[in-house]
Amino acid sequence: MTNTKSNAMWGGRFAAGPDAIMEAINASIGFDRRMARQDIAGSRAHAAMLAQQGIVNVTDIEAIREGLLTVLSEIETGEFAFSTALEDIHMNVEARLRDIIGDAAGRLHTARSRNDQVATDFKLWVRDQMDAAMTGLQALMQALLGQAEAGADWVMPGFTHLQTAQPVTWGHHMLAYVEMFGRDLSRFQDARARMNESPLGAAALAGTSFPIDRDMTAKALGFDRPAANSLDAVSDRDFALEFLSSATICAMHLSRFAEELVIWSSAQFRFVTISDRFSTGSSIMPQKKNPDAAELIRAKIGRILGANIALLTVMKGLPLTYSKDMQEDKEQVFDAADTLMLALAAMTGMVGDMTANRDSLEAAASSGFSTATDLADWLVRTLDMPFRDAHHVTGALVKLAEDAGCDLPDLTLAQMHTVESRITKAVYEVLGVHNSVASRISYGGTAPVQVRAQIARWKERLT
Ligand code: ARG
């Protein structure tokens, strides 16, 4: 071991000495190059403002703004050579700008710091992802509405504890997810409105003595206003955390729906058929068609929640203002955003392609004594029984059917009379699953008439 440059403890692992290790831990260009477009947009807005305010001469600013477009096109075409020694996207872009336009490039960083620059770039990036999430959610909700409309009055079992509870309609079940994803949509909307303040011009942390116009740059970048406190502007990552927490809740919803699809597509349920496009076969069992997309969507929350916890953990305990810890924000958000968009797209494709098996749904709804509550309600209404007594009588009738190996509608009147002599043959009307769902007309209930009203409401809201 004669390499004096490399550290004795870990030199074998690294070709060069501690400087290379420092560079490896310090550089963010490996990932923050994804913000190139935002970085250049931010710089172009800043430059235009410097010229307008007479802080930098117009000739240099024109060269800077043009040169930045050249840099952007080099990055977009893939000819740009990123350098780890230049640490991050901000310095990579500025160094290349200097190659292209010369010393005038040095004027771009007047009245600015990488601290307000990175906060601005990252906000712009996250804002785009919020928009993409909203677009993705709307597409998914449309696909669910399509399913709901096709089967607004198809009957299926509704579950509690994954045990048959009461009959519900397919449309109603699909609309439950429309509500959930609708809340996700509104969470992204809220977060977007709250985060849309520009950090640019906060400079390093304290603002600047140059006569900048923060309203101008805020407007140019589509922000509603400049952030009002420079210390907060450079150290705030709430927008990323709100994106991640909204994404986490959305991923939780996706996971729950994915789990239902896994169960429903099994041979034991046969409630739905997932299209070949979203299934895979088994290399050994020829009969298998596996719901891999649903399983993966079910799992994706792990990464998104992980990112959420990781960033919260990075941010906790950080004193104001910027600390390099905050560079750890990006990879988490990038991965979570990619994961969410993919999961949303896969779910949308799967829902659009999926066939609900109306007959299997109805057969399942008709078994498991699913209309027992309807029977109890009938006893209350017709015989004026207190609900608790009706519940008891119904329980005895369910037991009777269970012992006889049949369902409630198969019991004869004579059999029913062994439990309660006042029951009449009118009771059979409420024992059928179609009557059961049609009767649940309370607002938000499962009756097809309610389901159709909710479909119409959502269609209106989504256009
Ligand atoms: N690469 C840095 C980050 O992502 C940029 C900001 C650096 N600022 C600084 N003062 N070192 O956070």
- Here are some residues: 105, 85. Which one is away from the ligand (no atom under 11 Å from the Cβ) and under 21 Å from residue 60 (Cβ atoms)? 105
- Note on the structure: Flagged in region 435-449 as within 28 Å of the chain's Cα centre (by Cα) and either within 13 Å of residue 156 (Cα to Cα) or surrounded by 14 or more Cβ atoms within 10 Å (Cβ to Cβ) (or both), in numbering order, are 445, 446
- Message: Please verify whether residue 316 is more than 22 Å from the chain's Cα centre (by Cα), at pLDDT below 95 and charged (D, E, K, R), treating the condition exactly as stated.
- Response: no
- Out of the residues in region 35-64 that are crowded, with 18+ Cβ neighbours inside 10 Å and over 21 Å from residue 226 (Cα atoms), which is nearest to the ligand (Cβ to nearest atom)? 36
- Message: Give all pairs with beta carbons closer than 9 Å in which a residue from region 112-131 that is within 22 Å of residue 183 (Cβ to Cβ) meets a residue that is part of a loop (DSSP other than H, G, I, E, B) and more than 9 Å from the ligand (Cβ to nearest atom); count only pairs at least 6 apart in sequence or on separate chains.
- Response: 127/196; 127/222; 127/223
- Message: Looking at region 68-82 only, could you name the residues that are more than 16 Å from the ligand (Cβ to nearest atom) and more than 11 Å from residue 43 (Cα to Cα)?
- Response: 70, 71, 72, 73, 74, 75, 76, 77, 78, 79, 80, 81
- Message: Between a residue in region 135-147 that is over 17 Å from residue 340 (Cα atoms) and any residue that is at pLDDT 95 or above and of a type in the set (Lys, Arg), which pairs come within a Cβ distance under 7 Å, given they are 6 or more apart or on different chains?
- Response: 145/459
- Looking at this structure, is residue 223 closer than 22 Å to residue 47 by Cα, among the hydrophobic types (A, V, I, L, M, F, W, C), away from the ligand (no atom under 16 Å from the Cβ) and under 27 Å from the mean Cα position of the chain (by Cα)? yes
- Note on the structure: Taking first residues from region 162-178 that are surrounded by fewer than 24 Cβ atoms within 10 Å (Cβ to Cβ) and second residues anywhere that are outside any helix (DSSP H, G or I) and at pLDDT 95 or above, the pairs with Cβ under 7 Å that are 6 or more apart or on different chains are 164/157; 165/158; 165/159; 166/158
- Item | Residue among 131, 184, 99, 88 that is more than 18 Å from residue 455 (Cβ to Cβ), surrounded by fewer than 16 Cβ atoms within 10 Å (Cβ to Cβ) and touching a helix residue (DSSP H, G or I) at 6+ places or on another chain (Cβ under 8 Å) | 131
- Task: Could you figure out which of (1) on the phi > 0 side of the Ramachandran plot; (2) touching a strand residue (DSSP E or B) at 6+ places or on another chain (Cβ under 7 Å) isn't true of residue 365?
- Result: (1)
- Query: Which pairs do you get when a residue that is of a type in the set (D, E, K, R), found in region 74-87, comes within reach of a residue that is assigned to a loop (DSSP other than H, G, I, E, B) and within 14 Å of the ligand (Cβ to nearest atom), reach meaning Cβ atoms under 7 angstrom, with the pair 6+ apart or on two chains?
  - Reply: 87/27; 87/28
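The values are calculated or read from the model by the stated rules, or taken from the named source; none is laboratory data. Everything quoted here is computed from the prediction, not taken from an experiment. Positions of Cβ are generated from backbone atoms using ideal geometry, with glycine treated the same way; all protein chains shown enter the neighbour counts.
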